[in-house]
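First the structure, in the form of structure tokens, and then the observations on it.
Just so it is clear, none of the values below were taken in a lab; they were calculated from the coordinates. Quick caveat, the model's predicted, so the values are computed rather than measured. Using ideal geometry, Cβ is built from the backbone for each residue, glycine included, and neighbour counts are taken over all protein chains shown.
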Amino acid sequence: MHSQGLRLASVLLATLVASALRAQEPADLLLLRGRVWTAEANPAWAEAVAVRAGRIVAVGSTNEVEALRGPKTEVIHLGGRLVLPGFIDAHSHLLDGASSLDRVDLSDLPDLGTIQARIEGWARAHPRETWVLGGGWAYASFPGGLPTKQQLDAVVADRPAFIESYDGHSAWANSKALALAGITKATKDPANGVIVRDPGTGEPTGALKEKPAVDLVKVRVPEPGPAEKYQSLLKGLRLLNSFGITSLQDAGLLSPAEDVEADLALLDRARREGRLGLRVTAAVHVEPGKGEASVTLARKLSARYRDPFLRVVGVKLFVDGVVESKTAAMLEPYVGDTGTGLPNWSPEALNAAVTAADREGLQAWLHAIGDRGVRMALDAHEAALRANGRLDRRGRIEHIETLQASDIPRFKPLGVIASMQPLHANPDQNTLGAWAGNLGEERVSRAFSWAPLEKAGARLAFGSDWPVVTPSVLRGLYCAVTRKTKEGTPAGGWRPELAVSLESALRHYTLDAAYASFEESEKGSLEPGKRADLVVVSEDIFKNAPETILKTKVLLTLVDGKAVYRDPTF
Ligand SMILES: [Zn+2]
């Protein structure tokens, strides 16, 4: 016993000495003389960070950290610049976003005239493209709230054109595209989708609502080849790194082909070639009626992909649609309408699917936008908890655009993450017109209720929903703290009582987002032992906030201590 105890003690001593020596080993990289916001409570602020072998080894004053300087240590003098944990986009669509970079982008265009001009210009500049493809239009840009085939035929008559709405829930097809898809007056609406028709003639107008209808045309669009797809992916990754994004949570791999295994293989190729540049956590889309097969697939993929750069953690289900096209599920009818939206699942089927996924160890991400959709999603997470017991599953609800006040306190006890996207509340013409107009004042008083959810103890994770909106985290931060457009409207902010502080918003884009993917012990804040994922920005956004945020640029993005983006001026 005695000698065994001694041996144990000497092994312990050797370990202690080794780790003490390691702590004194020179760092690979030092960032000195900055303002470092750690996202931790203690210390919240520091001046310098040291990195060795991809991990943070010290955070402290410049003097303390400089002790780790060796002959080969790279040193970056920050000159007082702000350092933040790498941004984590908790809701994005990587491949969709990447492919949108090669298509006509209508986002930020105010009206039909400018939209038509851009499409015409793009078509002229791309004469060899067999289809004119694009996205980004907002409902409020069209008289009546939806586009028509005639408006598109007027600028693209020689080939099919197919352009998705900014939220991806609706699409706009010209006559050639409708003909290719065989959509006529006689075509029946698919389940959970609408082929919008002229009330007089019954002819399809060219607008399609919700995925099953959108897909009638989308499946005819030729898929880009793997080489082309890979090039757009790399372009997309470079863009995200330039915005300071070091991790991304993919809300259901919804590439045009919806071949999730092929999509993951593409990301895996980038990972193996060392070109991924950010960490991806993904969920696999589950369609109603296909629950069992999708859960089996998600389980298989979660066993295959468990690398720090590529992991499959769960499943994504669409409980409802969107407010603008009145497909989000509401408890009471839309303004000026008798409809209450279109839940894609019955409560029983949803509860069963979420419970089954949870039982298999998969995190369930539930897209829910209307107050009824959100309630159904909370009920489904509660059903899983009741059936399976309290497992650390961190069920999620995506979007939560409006909800009943009585549902706000349910998030915390259920441990459900509120995954929300600040720029969805960007108070532009679309939000204040089409969105708010469909809901009416009472429900708008709980529009994107970040602050009340925070107060009720819910954990919020912030993201973009790229390509629905720009993946710029700085733009999202500005909206989260001001509830204003980048033009500064409305003057006092839209429902400013629902906004959050800059520190909270940053935490939702970093440490809380890391929690949402079960990685809060690995990343999301700047503390020794964590991965060296961090960003340096041009302005101190804590000073002269919030206007400073809009002129702030990302200067340097590090992943595992390696620069994946560096501004040429830095
Ligand atoms: Zn999404």
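The alpha-carbon of K543 sits under 24 angstrom from the alpha-carbons of these lysines, leaving out residues fewer than 8 places away in its chain: K484, K486, K551, K553.
Qualifying trypsin sites (Lys or Arg not before Pro) in the range 528-557, where qualification requires a DSSP coil assignment and no more than 13 other C-beta atoms within 10 Å, comprise K543, K551. Suppose we look only past 45 Å in the calculated P(r) of the chain. What percent of the Cα-Cα pairs does that tail hold? Within the chain, distances greater than 45 Å cover 17 percent of Cα pairs.
Rounded to the nearest 0.05, the FRET efficiency derived from the C-beta distance between E522 and R35 at R0 = 25 Å is 0.55.
Between A117 and A53, the distance separating the two model label sites (each 7 Å from Cα on the Cα→Cβ line) works out to 5.9 nm.
Would you list, by chain and number, the lysines whose Cα falls below 21 Å from the Cα of K523, excluding same-chain residues fewer than 8 positions away? Within the straight-line cut-off, K523 pairs with K562. Span-like helix criteria (full DSSP H runs; alpha carbon extent of at least 27 Å along the helix axis; mean Kyte-Doolittle hydropathy of at least 0.5) are satisfied in the chain by 2-24.
For the residue pairs K149/K188; K211/K300; K185/K218; K188/K211, the alpha carbons lie more than 22 Å apart in K211/K300.
If the segment from R220 to S61 were pulled out straight at 0.36 nm per residue, it would be longer than the present Cα-Cα gap by 51.3 nm. For the pair K300 and E441, a Förster radius of 51 Å applied to the C-beta separation gives a FRET efficiency near 0.60, rounded to the nearest 0.05. Only aspartates and glutamates eight or more places from K412 in sequence, or on another chain, were considered; those with a Cα closer than 19 Å are D358, D371, D379, E382, D392, E398, E401, E454, D512, E520.
Within the range 226-252, what residues put their amide N at less than 16 Å from the label point 7 Å along the Cα-to-Cβ vector of R275? Label zone hits: 226-241. For the pair A265 and T548 in one chain, pulling the backbone fully straight at 0.36 nm per residue adds 97.8 nm over the alpha carbon distance. For S501 and D108, a Förster radius of 30 Å and the Cβ-Cβ distance give a FRET efficiency of 0.65, rounded to the nearest 0.05. Full extension of the segment from A179 to A227, taken as 0.36 nm per residue of separation minus the current Cα-Cα distance, would add 14.3 nm.
Cα convex hull, the range 308-397: 92 Å³ per residue, rounded to a whole number. Applying both filters, DSSP loop and at most 11 other Cβ atoms within 10 Å, to the trypsin sites (Lys or Arg not before Pro) of the range 22-130 gives K72, R128. In this rough spin-label picture, where each label sits 7 Å from Cα along the Cβ direction, the K290-L331 distance is 3.3 nm.
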